Amino acid sequence: MDTIFKILNYRITDSNEYGKSLSAIIVNNTDGSPRWICPADSRQPLFLKFYSTASGRSRMIAKLIQLVFLLRLQKLFFKTTTFKLTKDNHTAECPIDLFSQNWAIFTGTIGPNNKIVIYQEDIHGNHFKKVATSVTSIDILENEKNAIDRLHALAPGTFHFPHITNQKENYLQLTDISKNGKRLNQFSQYHADALNEINENTNITMKLNELPVFIDTIDKLTKLNENKDKRMPKGIVRKLNNLLNSIKDFDEEIEVCMSHGDFTPWNMYINGERLHIYDWELANPLMPIGFDAFHFIIQNGILNKRKNWTEIQMEIYQCLSPELFRKWSSHQNAATDKYLRLYLLINLTQSLDLYSQQPIWHTQIHWLINTWNEGISHIMMYEKNNRELIITDIFDFLLPKEYATIKFPQGLPEKLSEYSDIDIFITASNQKELLKFISQHPLVKHISKNSRTHMQTLHVILKDDRILSIDCIWKFKRKALTLMDVNEVLNSTFQTEFGVKMMDPLNQARYIGLFYGLNNAKIPARFQAYEQILSTPKNSVDNIIYCNMVDYTIRKDKLEAQLKKQSMNNPLNLFIGKIEYLLDTARQILFNKGLLITFSGVDGSGKSTIIERTKFELEKKLRKRVVVLRHRPSLLPILSAWTKGKAAAEKEAATRLPRQGTNQSKLSSYLRFSYYYMDYLMGQFYVHFRYIRRGYVVLYDRYYFDFIIDGKRTNINLAPDLTRMLYSLIMKPDLNFFLHAHSSIILSRKQEMTAETIEELNKRYTELFTELESKSATGAERYIIIENKEMDVTLEKIINLTHQKAA
């Protein structure tokens, strides 16, 4: 308060010094600093002149405050403080008489542009006074004066603006234009008319590299690149550089016009048939067209309506129709997306530069940054890898929160390998916020969750079909045992130059040692560097981990014994842990269903290679356990195993060329088919409960369809109608791929069949798969025919369809 009074040319006196008493109500910011000040005996809460009532909640709060003052009960609801004041400089003017009744003070937003704003009612009328608190804010007031002078010359008919009634070096007095006005929380024809008029009278064309605000933006972005402030999100700065680099020609001509600079619902009222627009201190005579319209919709969407970018983008295209935007373009060819990019580049860079100079960041800054990040990612989604974009946004979102990455590389986070996931320690509440952020991100096509009592795995499928997996861990556990205290981990993180918070080396060493030690696994060589960190153990657990790193001896039993002695594994916690482990196990069995996928096709169609690569992709990207089965469940051995033994029979089957059987006996064929069909009938339940219900992906190299199309392959000579009919009793796989290629391509790979046989089999498979796909009424199972000409294209189709099914 001393500083505020000093700016107003008052000071608090000593107890024995002459001064007048002021009893004032002070409404504080969340950090305890004063926000609004008014006399305790005021008959009206004039500080509401500074309060935006754009939302229903804010209007209700305003009505309640007005009722409190009407009933003269403000001293019961607001803290009252009495000051003894005198003029600080008796020869200087005070911007306000604090001992009058009808005034209120807004202390402004902390930062380089900070001003004190006074609202006062007196015999000369109602007015606002803006009092500068720094050299920068003096410049801001001068800019507002110049803007109002330009508006006088413009003489607008569609909107009204304040008039200057008094001006000194450090303050500006303006008329109050809010009387009987109401806020509009939606971009309307009133706003469009006002912007149309400004544009019609101030629109000019100029080269982008000659535009002062663009030149200033490049300078500020350079500063942001060098900014070491740990609060500053590094990802959005890198994306702004990408946005700047996406402009192919700095020498291109763009259209500019006068801009208000902060054209938002809280800086205007509607009165009669005209807008009343105030706060012109950020006005600029040369800004890209559409700037104010974008600003209104985006800022209002984020701060008032709490919309995500997808909703805001929809509102932009609803309110700023091509017809409206063409009105602002003298060339009738302005592209909305082009000017939206310029708005984001300029406004975000200027805002981030301003925030870097503010000592305290309010919550709304993080709202803005997160939604701006979504906006840039959405605009660049067809130019950039979607996975890289969303990883950047995720770490910017997490920056002000408590978390710690696990075994994460120290380079650019978005360059994380496509075969790596993100593991983080995070509180349960922050995990919920992260899930909400990802779920509404414009690049996300689908998100699936695998939840357990101590963690949640997120599988995120993006618009370009890339995948990102994230393990959010709030309790580090193995079965019933708690292994590490998450709060201890979160309190000792360090932040990289790229804005990623990481586990400190000691906790990282413990995590690695516990993970591999309790899984009876040797610690990989790449982690042996952590041996030195634990060379001076802090406790008995550290000592066991260190010994394991030094001599590679697995000491699982000793680790478990020492962990059980720790307070976090007391008998009660162990009992709770066992219950949670049982619940997690049951949940995985009941809800973590896997997939059954089959691959069919003649030999040489490329099945084996595709299956091998599909397995790798699913294990590394979808993070599924994968098992490959050949032809059938194999609960029963191949027939020849009964006479030759299993090993000899399998060796003979592996070396024998296909379709070489000479069986012509119907009885023999019925018996052989019945044997293998029994294997399918019984084995399908084994596969289902052994693998599918436990979350595995089962890949079949060939399947039952061979019995229908190519019985000769298994030395069976039966009518296809019979085997086709009995397929109805077989569990239907989720995805069935028939891979085919021209006979010349297949023969170049394998010369095991004639061209005629290949073409005939391809035809039969195609007819069967087409029929089955058409009869799959619910779409529960799919039958997909793929010409396997280019391996990478085939694999991409298979992986995309698998991702969709798994989701």
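Residues in the stretch 441-457 that are in contact with a Leu (Cβ under 7 Å, 6 or more places away or on another chain) and among the aliphatic types (A, V, I, L, M) were compared, and the one that is least open to solvent (accessible area, probe 1.4 Å) is Leu443. The set of residues in the stretch 721-742 being open to solvent by 10 Å² or more (accessible area, probe 1.4 Å) and part of a helix (DSSP H, G or I) consists of Asp721, Leu722, Arg724, Met725, Leu726, Ser728, Leu729. Please return the ranges of helices (runs of 4 or more DSSP H) entirely within the stretch 306-381 where 1 or more residues are aliphatic (A, V, I, L, M) and within 24 Å of Asn241 (Cα to Cα). So the answer is 309-319, 336-356, 363-379.
Take Leu195 and decide whether it is buried (at least 20 other Cβ atoms within 10 Å of the Cβ), under 41 Å from the mean Cα position of the chain (by Cα) and either at pLDDT 95 or above or closer than 20 Å to Pro112 by Cα (or both). Spell out how you get there, then give the answer.
Working: buried (at least 20 other Cβ atoms within 10 Å of the Cβ): yes; under 41 Å from the mean Cα position of the chain (by Cα): yes; either at pLDDT 95 or above or closer than 20 Å to Pro112 by Cα (or both): yes.
Answer is yes for this residue.
Looking at the stretch 777-784, is at least one residue modelled with pLDDT under 95, over 25 Å from Ile467 (Cα atoms) and open to solvent by 90 Å² or more (accessible area, probe 1.4 Å)? Checked the stretch 777-784: at least one residue is modelled with pLDDT under 95, over 25 Å from Ile467 (Cα atoms) and open to solvent by 90 Å² or more (accessible area, probe 1.4 Å). When restricted to residues that are in a strand (DSSP E or B) and surrounded by fewer than 18 Cβ atoms within 10 Å (Cβ to Cβ), the stretch 12-26 contains 4.
Among the residues of the stretch 89-103, is any assigned to a strand (DSSP E or B) and at pLDDT 90 or above?
Going residue by residue through the stretch 89-103, those that are assigned to a strand (DSSP E or B) are 103.
With the extra rule that they be at pLDDT 90 or above, the set shrinks to 103.
Yes - at least one qualifying residue is present in the stretch 89-103.
For the stretch 62-90, a tally of residues being touching a helix residue (DSSP H, G or I) at 6+ places or on another chain (Cβ under 9 Å) and among the β-branched types (Val, Ile, Thr) returns 3. For the stretch 241-298, a residue qualifies if it is part of a helix (DSSP H, G or I), in contact (Cβ under 8 Å) with a residue 60 or more places away in the chain and not charged (D, E, K, R), and the qualifying residues are Asn242, Leu243, Leu244, Pro265, Trp266, Ala293, Phe296, Ile297, Ile298. All of (1) more than 23 Å from Glu580 (Cβ to Cβ); (2) modelled with pLDDT of 95 or more; (3) not charged (D, E, K, R) hold for Gln431 with one exception: (1). Residues in the stretch 758-776 that are surrounded by 15 or more Cβ atoms within 10 Å (Cβ to Cβ) and either in contact with a strand residue (DSSP E or B) (Cβ under 7 Å, 6 or more places away or on another chain) or in a loop (DSSP other than H, G, I, E, B) (or both): 5 in all.
Those residues that are in contact (Cβ under 8 Å) with a residue 12 or more places away in the chain and surrounded by fewer than 22 Cβ atoms within 10 Å (Cβ to Cβ), I need them from the stretch 373-387; list them, please.
Matches in the stretch 373-387: His378, Ile379, Met380, Met381, Glu383, Lys384, Asn385, Arg387.
I'm trying to understand the selection: among the residues of the stretch 785-807, which are open to solvent by less than 30 Å² (accessible area, probe 1.4 Å) and within 16 Å of Lys607 (Cβ to Cβ)? Those that are open to solvent by less than 30 Å² (accessible area, probe 1.4 Å) and within 16 Å of Lys607 (Cβ to Cβ): Ile786, Asn788, Thr794, Leu795, Ile798, Ile799, Thr802. Among residues that are at pLDDT 90 or above, among the aromatic types (Phe, Trp, Tyr) and either out of contact with any strand residue (DSSP E or B) (no Cβ under 9 Å at 6 or more places or on another chain) or in a loop (DSSP other than H, G, I, E, B) (or both), Phe69 is included.
The values are calculated or read from the model by the stated rules, or taken from the named source; none is laboratory data. Note that the structure is a prediction, hence the values are computed from the model and not measured. As a convention, Cβ positions derive from the backbone with ideal geometry for all residues, glycine included, and neighbour counts pool all protein chains shown. What goes into the accessible areas is simple: the full protein's heavy atoms, side chains included, and nothing from ligands, DNA or RNA. Shrake-Rupley method; radii C 1.70, N 1.55, O 1.52, S 1.80 Å.
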